[in-house]
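Notes follow the structure.
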Amino acid sequence: MSGIYVHIPFCKQACSYCDFYFVTKSDQKENFVLALIAEIAALEGQVFTKEVVRSVYFGGGTPSLLSADQLGRIISELERVFSLELDELTIEMNPDNVTSDYLEALKDVGFDRISMGVQSFSEKSLIFMNRAHDRTQALQALQDIVTSSFENYTVDLIYGQPDQTSTELQEDIDQLMVFNPPHISAYALTIEHNTRLAKQVELGRIKPADDDEVADQMDLLATFLVNYGLERYEVSSFAKAGFQAKHNQIYWSHGNYLGLGPGSHSFWWPKSPIEKEKLMGYDVGFFRGLSSEQATALRWSNPKDLMGYIHKKNEYQQRLYSLVESTSELSLAEEYIWLGLRTSRGFDRGVLSERYNYECNAKQQNRLENLVNDGKISQDGECFSLTREGIRLADYIALDLLS
Ligand code: SF4
């Protein structure tokens, strides 16, 4: 299974916590669309187009700042160049871009899933995060989705804001559950470098929430959502049966994915020596310095440079990648354990052995046994997954197992 991620780098304004690549000017949208279509066209016939694509995800930035016509033209080019047999076609939206007409136009061009960045219903929180929408727009957007023909959607919430109380978080959850969404992603606010929030923390104007308080809020949120009937299938993801996000499963299971647009990331694990040779020979200099043996899988990214992306649109045959790295079998195995521990599926020792050529050593076996005895990990045959108690310590446990 493979996926495509399309990065749309436009935002109305900069959210205080965000370190994704975006620009707040909107005058280059059509030029960007043309460059994106050129990037897709340049991939025609390449090794990436031989694998069936099951999911396409439009993220950003704010994809809903493009018109349905522009999005439709991008999808048409993807259909022309790739073998799309889609289980999921998702678009991220912000509440201030939603109208009933726009939703139906998105449906017409092929989208079947919406990811709505609500983050909070509290005016205080929305202002603190410098979101472009207010509470009224968030409520209206959800109402519009509920009454639209989209059945599959997810809503993002952010908790763990400085000074946010559990009561305030509970109010956000209560308000959200009025709409009975089939999927929710809930993230703790993190202080990323080079953001306005990081600057405010550095200047001492804001004190980040205490780690224990954030963990308590995560527990509160998880307890409530699970009691409501959603399954916590990943640390931050909750879904009704049948509504688990398919695109993220590609990332979590080391499926191949191609990133398109400035700032996007790609990952490709060749299935055979022949495919690897094709990939390695894909572009002169692309994999310069990497030997075929080193390169179990490859990761690369497009530069975070919208104007460069637009102006080089005719040179895509020569590639634009800013970062290319090979990934060894060992680091893929460790990543599989780390990612697996974040999901309800956990990790499987059989898969580790067969797919990653990796055996847990005596120290790791011992740690696993202790974690099972302590009730932090549950074991089912060769599968190990975190218990509810263990999830609270997910990162620590993963680090402990891998160090
Ligand atoms: S809308 Fe999304 S991508 Fe844009 S600044 Fe806010 S969080 Fe970042």
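Rule-based calculations on the coordinates, nothing more; no lab input. Remember, predicted model here, so these are calculated numbers, not experimental data. Because the Cβ atoms are built from the backbone with ideal geometry, glycine has one as well, and the counts that use them run over all protein chains shown.
Peptides 37-43, 198-204, 394-400 ranked from most to least packed, by the mean per-residue count of other Cβ atoms within 10 Å: 37-43, 394-400, 198-204.
Absence of a disulfide-compatible partner, taken as no other cysteine beta carbon within less than 4.7 angstrom, is noted in the chain for Cys11, Cys360, Cys383. Ordering His193, Ile206, Leu306 by the projection of their Cα atoms onto the charge dipole of the chain, which places +1 on the Cβ of Lys and Arg and -1 on the Cβ of Asp and Glu, puts Leu306 at the extreme positive end. Per-residue packing, averaged as other Cβ atoms within 10 Å, sorts the ranges 219-225, 254-260 into the order 254-260, 219-225, beginning with the highest. Based on the reciprocal of the average 1/r between different C-alpha atoms, the Kirkwood radius for the chain equals 22.6 Å. Other residues with beta-carbon under 10 Å from the beta-carbon of Ile377 carry, at +1 per Lys or Arg and -1 per Asp or Glu, a net charge of -1. Quick check on segment 4-46: take the gyration tensor over C-alpha atoms, sort the square-rooted eigenvalues as a ≥ b ≥ c, and tell me if it's rounded (a/c under 1.5), prolate or oblate. Here segment 4-46 falls in the oblate category. So what's the gap between the Cα centers of segment 10-56 and segment 182-228, to the nearest angstrom? That distance is 28 Å.
Computed about the Cα centre, the dipole magnitude for the chain is approximately 860 debye when only Lys and Arg (+1) and Asp and Glu (-1) carry charge, each at its Cβ.
In percent, what relative contact order does the chain have, based on Cα pairs under 8 Å that are 6 or more apart in sequence?
16 percent
Using the structure shown, list the pairs from Lys278/Lys312; Lys199/Lys246; Lys29/Lys278; Lys124/Lys304; Lys50/Lys312; Lys25/Lys124 with a Cα-Cα distance above 28 Å, or answer none. Distance filter (> 28 Å) returns Lys199/Lys246; Lys29/Lys278; Lys124/Lys304. Charges were assigned to the Cβ only: +1 to each Lys and Arg, -1 to each Asp and Glu. The resulting dipole of segment 160-292 about its Cα centre is roughly 940 debye. Taking amide H atoms as placed 1.01 Å from N in the peptide plane, the amide H of Val118 lies under 5 Å from those of Asp156, each 5 or more residues away in sequence or on another chain. Once the convex hull of all Cα atoms in segment 330-402 is built, its volume per residue stands at 76 Å³.
Pull up the DSSP beta bridges for the chain and report the antiparallel fraction as a percent, rounded to 5. Close to 40 percent.
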